[in-house]
Each structure stands twice: as C-alpha cells, then as structure tokens.
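Working notes, structure below.
The values are calculated or read from the model by the stated rules, or taken from the named source; none is laboratory data. Everything numeric here is computed off the predicted structure, so don't read it as measured data. As a convention, Cβ positions derive from the backbone with ideal geometry for all residues, glycine included, and neighbour counts pool all protein chains shown.
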Amino acid sequence: MADITIDQLATQTFYQIPEIFFTRIQHNENGYVKLTSSYTGLSSDAKLAYGALYNRCKLSISSFQKGNRDYVDENGAVFLIFTVSDLMLLLDKGKMKVTKIKKELQDHGLLREVRQGLNKPNRLYLQLVDANLEIVEHYSTDGELLKKVDAVGKVLYEKERDSKKVANSLGNCGSLKNGRPQNGHQNVHKTDGINTEKSKTDNLYDTNRYEGESSLSDLSISEAFKNGQHGFLSTQLIEKLSLFGRDAKILENKIYQSKRQVEKNYNNLLADQEICGEVWLQDLERELDKLIFKIKTGEAEGKPIQNVPAYFYKMMIRFWKMVLLIEKEQGFLKVSGQSEYARKFPDECPSLIAYYYPDKLSEIKLNHFLAELSKDTTTC
C-alpha cells in the first residue's frame, strides 16, 4: 500500500467514466441537491465497461491522427472491433456476463453494434452520453423532496407548499398530494374556503386548458433559457432558439455537438485548434431561419419533420463542414475580415457561405474538397 502523493497522478493512467453515471450530492444552506439520471441504474460492470471501451476509442482517434483510418468509418465515426472473446479478456468476465453487459449498454443507448457479414467481426460504436437525461432533485435539510427538474428546466415535480391550494400544472384535477393525479379519472379536489364559483373563475385563467397553445410553463422555460449561459451564440440566435420552448436547449446542444464532431473528424486540418464560431454567427442565424421555414412548410404540406433535433444536427454537421472548407481555402484572417464587413453591411453580405459559394455545394463535392485538403495536409 502507498498513499497518493501530489506527483502520483501524473504517472498513472485511468479509465474515464462519465460523472452522469453516478449520483452526485451538493449540499447547501437549505438542504442539498441530488444530480441523477437513468444512467445511474447501470450496473458497476457496465459502467466500467464503458470506461474501458471509451479508452479504446481514444486510442483509435490517436491512431487516426497519425494517418491510420482502420477504425474510422466513411462518416468519420470511430468504431471498435471486439469479438465476444476479446471483450471477455478485456473485461475479465465470462461469456454470459459480457453478453449481459453489452445488452445493458445497448438498452441505455450507449452502444451500437453493426453486423458486417462474411464472417467478419461486428463493429461496435460507443455512443456519447446524453446530458439531457440528467435530473436535478432539491431536498430539504430533513431529506424531503421539494422539487425535481429535468435538464432543460421543465419542472417534473414540486411539493405543494400550501395543502389547501388547488393547482395542477398539467391541467388535470387529480389529487396533488403526490404531485400527480392518483388515477386516470378526473376527481374533484375539495378544499375549505373554495367554492364552485371561485373554481370556475380560476379556470378562466388556466392557460393549460387549451391544447396546442403556449402555456405559462412554456413561457417560463423560454425565459429561463434566455437568461442562461450560451457560449459564443448571439442574442439574436438565443431569441430565435427560445421560440422552441423546452426544445431550445436541445437544439443549442446540437450546434455545439455538431461543431465538436466536425472538429474531431477533421482534426488533421485544424491541428488541435477549434473553429471560431463567433465569425459565423450571421450564417448560424440563417441556418436557424431555414429550420423554422422547413418546419412550417412541412406542417403546411402535411409532411412534418419527425425528429427536429436529429434533422437540425444533420444541418449543423454540413454547416460546420462548409465553415471549415472556407476557412482552409480562404484563410482565417481573410474570412474574419469579411465577417466584420458582413456585420456592418448585412444587406450587402447577408451570408459568408453564400459569398464564397453562391452555388450550393453537393454533399459529395463538399466531402471531396475536404478530403483533398486533408491529403494536402498529410503530404506536407
């Protein structure tokens, strides 16, 4: 046995396991806050397996940066080649246990397996954790649950402070004793000092009774979103994103996730640097306008977008790839100067992308141009 010294950590290597896999407690003067998620239900073996597989992903990325594309597919996604026997050796577990661990990770959306056929081993794609699954629970000093909020600010539960107060944020009339109706029926909740006439009057101001219309809860979510921290995004962008209510944070995350993905896929072009998002704010606003237009026209034509966040993520991947292409072709200083001009004279230059590429590039050409730039970088 040996104590860990201040120099020890630098000489050790560790598997990384996401914090969201564990319950975290933060104490305050009013009690404590518990951060949890559906991932906390993972077995210890599954959590350790994720850390081990994530370490292998990092090795594949490092290998790719040195010019080896053996473990990167045509979409830039990192995959692992592990047979059941390989996983048994890696995790030091038996066959049945390894099979159970794989299924557990797949059930939680953390592992994707792709069959290759022709007696080739399957590809394993480790998945990113979803930060939107985090739940924040507020407790009093005596351990009583006061409030439960999801990652985008939606209140899932709030303890009723006044037992005589009649309110239901879901617009139902069930008992509020547990914060939700006791059964599927609409029961009348009677309290002292509240008569039928007053209940009718209160109902006139219940904005939740109108299906499909904006409610006060949606408004508060939008306002809370606008008051948050948003990195390099502009006020105009935040204003437009807030129109999506509880989905605003999800869409904002897609902007950053897609940016990081493109930076990861083309790290050889960026040399471990990041794309400067501030330069492209005007074009980002245009992309969001396009999304809103697509949603509205799709609804009008009876062909609504089935998964808006996924659709927007795909848009953003293409957007950041175009950004990277232009920056590498034109040079950052030149693009930055043009961006400044566009901000001062938006009518003359409403879009940097359209300025440099007035004719839209096909996906095939875009990928080809980036591939050629990557080759040139590797050659140099």
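Quick test for you: out of Thr40, Thr83, Thr23, Thr5, pick the one residue that is within 27 Å of Lys264 (Cα to Cα) and among the β-branched types (Val, Ile, Thr). Residue meeting the stated conditions: Thr83.
Give the residue that is surrounded by the most Cβ atoms within 10 Å (Cβ to Cβ), with candidates limited to residues of the stretch 262-289 that are among the polar types (S, T, N, Q) and part of a helix (DSSP H, G or I). In this case the residue turns out to be Asn265. As for the stretch 289-310, it holds no residue that is modelled with pLDDT under 90 and under 22 Å from Gln65 (Cβ atoms). Count, please, the residues in the stretch 61-90 that happen to be of a type in the set (Ser, Thr, Tyr) and over 15 Å from Pro121 (Cβ atoms). Within the stretch 61-90, residues that are of a type in the set (Ser, Thr, Tyr) and over 15 Å from Pro121 (Cβ atoms) number 2. Please determine whether any residue of the stretch 96-110 is part of a loop (DSSP other than H, G, I, E, B), without any contact (Cβ under 8 Å) to a residue 40 or more places away in the chain and surrounded by fewer than 14 Cβ atoms within 10 Å (Cβ to Cβ). Checked the stretch 96-110: no residue is part of a loop (DSSP other than H, G, I, E, B), without any contact (Cβ under 8 Å) to a residue 40 or more places away in the chain and surrounded by fewer than 14 Cβ atoms within 10 Å (Cβ to Cβ). Considered as a group, the residues in the stretch 10-45 that are part of a helix (DSSP H, G or I) and of a type outside the set (Ser, Thr, Tyr) include one that is nearest to His138 (Cα to Cα), and that residue is Ile20. The selection criterion, being on the phi < 0 side of the Ramachandran plot and modelled with pLDDT under 90, holds for Glu274.
Quick check on my filter: what residues within the stretch 86-124 are among the polar types (S, T, N, Q) and modelled with pLDDT of 90 or more? Once the filter is applied, which keeps residues that are among the polar types (S, T, N, Q) and modelled with pLDDT of 90 or more, the stretch 86-124 yields Thr99, Gln106.
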